[in-house]
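This report refers to the structure that appears directly beneath it.
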Amino acid sequence: MTISGLTPWYPWIKACHIIAVIAWMAALLYLPRLYVYHCETAPGSPESERFKIMEQRLLKQIATPAMAAAWTFGILLVLTPGVIDWGWGWWHVKLAAVIVLSGFHGILGRWRRDFLHDRNDRPQRFYRIVNEVPTLLMVVIVIMVVVRPF
Ligand code: HEM
């Protein structure tokens, strides 16, 4: 299903998609880094309370609205005639990677609540490792949409 009225707006929709994706990625790359630093603070300390505020603002004011915008403009691109052919392999890989990225976003929200209630029991090393997940997914997604290898 496509909507022909979207065709003249294609470059604008794509620009908005890329802007939203940049904001989403910036937040997803920084949030686990905040968790790494948060691990170094004592629960209840002023530093820990400040991290809680930073994490809440980054997730609720930037990451989640940016994810919603990236999905909205991405779906509008899918609905634009001639943009996506469901026979392309790269498109399926991109879609899968984006769904995993969205799941990772949800898990970051669960970990934020653990910090909020002073019940995080994961070590700093754990957050250092998961910090690489959004980077790896971003590399895969950008290669898929730009190189279109298959
Ligand atoms: C959130 C769900 C997403 C959907 C539904 C979606 C869908 C799409 C679609 C349909 C296009 C148009 C392709 C074309 O013009 O031929 C596109 C372009 C693009 N997407 Fe996404 N996308 C999503 C997320 C992302 C993410 C997370 C990234 C980067 C990490 C990304 C990076 C890009 C880039 C760079 C382009 C422009 C490629 C070009 O120049 O043609 N997208 N996206």
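The values are calculated or read from the model by the stated rules, or taken from the named source; none is laboratory data. The structure displayed is predicted, hence computed values, not measured ones. Using ideal geometry, Cβ is built from the backbone for each residue, glycine included, and neighbour counts are taken over all protein chains shown. The area values use the complete protein model at the heavy-atom level, side chains included, leaving out ligands, DNA and RNA. Shrake-Rupley method; radii C 1.70, N 1.55, O 1.52, S 1.80 Å.
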Cβ-Cβ below 6 Å, separation at least six or inter-chain, first residue in the range 79-91 and in contact (Cβ under 8 Å) with a residue 24 or more places away in the chain, second near the ligand (Cβ under 10 Å from one of its atoms) and charged (D, E, K, R): which pairs?
Trp90/Arg148
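Do we find a residue being open to solvent by 40 Å² or more (accessible area, probe 1.4 Å), over 25 Å from Tyr30 (Cβ atoms), in a helix (DSSP H, G or I) and not aliphatic (A, V, I, L, M) anywhere in the range 136-149?
Residues of the range 136-149 that are open to solvent by 40 Å² or more (accessible area, probe 1.4 Å), as a first pass: 136, 138-140, 142-143, 145-149.
From what is left, the residues that are over 25 Å from Tyr30 (Cβ atoms) are 147-149.
Next, from what is left, pick out any that are in a helix (DSSP H, G or I): 147.
Checking which are not aliphatic (A, V, I, L, M) leaves us with none.
No, there is no match, as no residue in the range 136-149 is open to solvent by 40 Å² or more (accessible area, probe 1.4 Å), over 25 Å from Tyr30 (Cβ atoms), in a helix (DSSP H, G or I) and not aliphatic (A, V, I, L, M).
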Return the residue satisfying two criteria in turn: it lies in the range 83-106 and is under 13 Å from the mean Cα position of the chain (by Cα) and open to solvent by 60 Å² or more (accessible area, probe 1.4 Å), and of such residues it is nearest to the ligand (Cβ to nearest atom).
Ile99
Against the conditions (1) under 21 Å from Phe126 (Cα atoms); (2) surrounded by 12 or more Cβ atoms within 10 Å (Cβ to Cβ), where does Ala42 fall short? Just the number, please.
(2)
Considering only the range 20-29, state which residues are open to solvent by 40 Å² or more (accessible area, probe 1.4 Å) and within 12 Å of Thr72 (Cβ to Cβ).
Val21
